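One structure is given here, and the rest of the page talks about it.
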Amino acid sequence: MTAALVLVDDPRPGVRRLTLNRPEKRNAMSNALRAELFAALEAADRDESVHVTVLRGAGPCFSSGYDLSSDLGADRPYHTPDGPAAWAHHVTKGWLWIWDLAKPVIAQVHGYAMAGGSELAAACDLVYLADDATISHPVLRLAGTPDFAVHPWLVGLRNAMEMVLTGDPVDAAEAVCMGYANRCFPAEELEERVLDIAERIAGVPSGLLQINKRWVHRAMEAMGARTAIRSVPDLQGLAQQVPEVRELLGNLSDRVKQAAAEAPVVEAPPAD
């Protein structure tokens, strides 16, 4: 039997926990994994016993990003139109869908959240990091804009500009200081500290959580966040016409497949 790509458990009252379960691929997000993730998030949102969801990764990291060694054009978990920058439009729709869930979603990040993995964490309502975690989007150095361009609203103009122009990793303390994440904890304490926070949130009536989550996002939308985020994939299409980018992207697929083939296998932790 094929192992589930997203593990589901309920570690505390009112708390649903989802674990990305491709540790041997550093939790790279194939369309199959994304489909399971969205289905599990929707199931939690529909379950009256769940008030908050925690999202984490199995193995050495949260997520290395989109699985570029897989066919990301096939079997997408929801429809978006084809055309220029179709992938960027597709994933942006999914991350904004997390905003629109009734119940809050917490990202619990250890190791690293890279590229699409950093976008997934950014789409969550709360983000807590292990103190040795890093956030990075190195693809910005060779492929253009982020697919989920929420950076200016999370970290401000100057920090967003430095992140997207350098593509350099940001350590946990800096990510908290600039506003990407809420807090960082010692790695060995991360799981329990996040569950403590989640359980405290779960003590609030679910209907009230929904209202409070909604007004915060609507305040961001009043400042133009959703409109701007939805417009950036069009710039992604333009970025891919830059000659140097076209040349780099022409070789990227083969390089990714070779790196994936050479990556060491990491055993998944036992299920809780």
Would it be correct to say that H79 is assigned to a loop (DSSP other than H, G, I, E, B), surrounded by fewer than 24 Cβ atoms within 10 Å (Cβ to Cβ) and not β-branched (V, I, T)?
yes
Every listed condition ((1) within 16 Å of S30 (Cα to Cα); (2) in contact (Cβ under 8 Å) with a residue 60 or more places away in the chain; (3) of a type in the set (A, V, I, L, M, F, W, C)) holds for L72 save (2)
Given the conditions (1) under 16 Å from Q108 (Cα atoms); (2) in a loop (DSSP other than H, G, I, E, B), which single one is not true for L190?
(2)
Filter result for the condition that a residue is buried (at least 18 other Cβ atoms within 10 Å of the Cβ), under 30 Å from V204 (Cβ atoms) and without any contact (Cβ under 8 Å) to a residue 60 or more places away in the chain, over R34, R46, R16:
R16
Tally time: how many residues in the stretch 133-162 are part of a helix (DSSP H, G or I), surrounded by 21 or more Cβ atoms within 10 Å (Cβ to Cβ) and either more than 17 Å from the chain's Cα centre (by Cα) or modelled with pLDDT of 95 or more (or both)?
1
Residues of the stretch 1-37 that turn out to be part of a loop (DSSP other than H, G, I, E, B), over 17 Å from V109 (Cα atoms) and either touching a Ser or Thr at 6+ places or on another chain (Cβ under 6 Å) or basic (K, R) (or both), as a count
1
Test for V127: is it of a type in the set (A, V, I, L, M), more than 24 Å from A85 (Cα to Cα), touching a strand residue (DSSP E or B) at 6+ places or on another chain (Cβ under 6 Å) and assigned to a helix (DSSP H, G or I)
no
Which of (1) out of contact with any helix residue (DSSP H, G or I) (no Cβ under 6 Å at 6 or more places or on another chain); (2) of a type outside the set (S, T, Y); (3) assigned to a helix (DSSP H, G or I) is the odd one out, the single condition H217 does not satisfy?
(1)
Can you tell me which residue is surrounded by the fewest Cβ atoms within 10 Å (Cβ to Cβ) among those in the stretch 222-239 that are among the small types (G, A, S) and assigned to a helix (DSSP H, G or I)?
A222
Any residue at all in the stretch 1-22 that's within 25 Å of A143 (Cα to Cα), under 14 Å from the mean Cα position of the chain (by Cα) and not polar (S, T, N, Q)?
no
Take the conditions crowded, with 20+ Cβ neighbours inside 10 Å and touching a strand residue (DSSP E or B) at 6+ places or on another chain (Cβ under 9 Å) and apply them to A175. Does it pass?
yes
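The values are calculated or read from the model by the stated rules, or taken from the named source; none is laboratory data. Note that the structure is predicted; figures quoted are calculated from it, not measured. No Cβ is skipped: glycine too gets one built from the backbone with ideal geometry, and neighbour counts run over all protein chains shown.
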